[in-house]
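The values are calculated or read from the model by the stated rules, or taken from the named source; none is laboratory data. None of these values were measured; they are calculated from a predicted model. For neighbour counting, all protein chains shown are included, and Cβ atoms are generated from backbone atoms with ideal geometry for every residue, glycine included.
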Amino acid sequence: MSLPISQLPSVYKRTGSPVYWGSVIVNGKSRQYALCENKAAARRMLADIKAESKSRSKYGTSTWAAFKQRYLDWSSAHKSPFTLGHDRRALNYFEEFAAPKRWKK
């Protein structure tokens, strides 16, 4: 990671612990990490942990097209043909009006 030290996340020492600790919120849950004894290295380690947690999501990384296809595959196996048609129209309307430009074809 190439951030200047002033932009790295802050770390702290717990009473009685020789190492620095860092806290990250992942999917709404706070996680604490014991990092190392060197403060600068601990800040870099925490920045790497934060970057990695941002790249993952609760449901995994997926493109809109992949998500849509997975949902329609599931929908066709578990819903009636009428409801499947409704889902297809709803997804198309969603793409038309609410989707960011990066989702557009």
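Structure above, values below:
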| read-out | value |
| --- | --- |
| Of residues in the range 1-22 being of a type in the set (S, T, N, Q), in a loop (DSSP other than H, G, I, E, B) and modelled with pLDDT under 85, the one nearest to Ala51 (Cα to Cα) | Ser2 |
| Matching entry among Glu52, Glu37, Glu96 (being loosely packed, with under 10 Cβ neighbours inside 10 Å, of a type in the set (Asp, Glu) and either part of a loop (DSSP other than H, G, I, E, B) or modelled with pLDDT under 90 (or both)) | Glu96 |
| Matching residues in the range 23-34 - criterion: being surrounded by 12 or more Cβ atoms within 10 Å (Cβ to Cβ) and at pLDDT below 90 | Ser23, Val24, Val26, Arg31, Tyr33 |
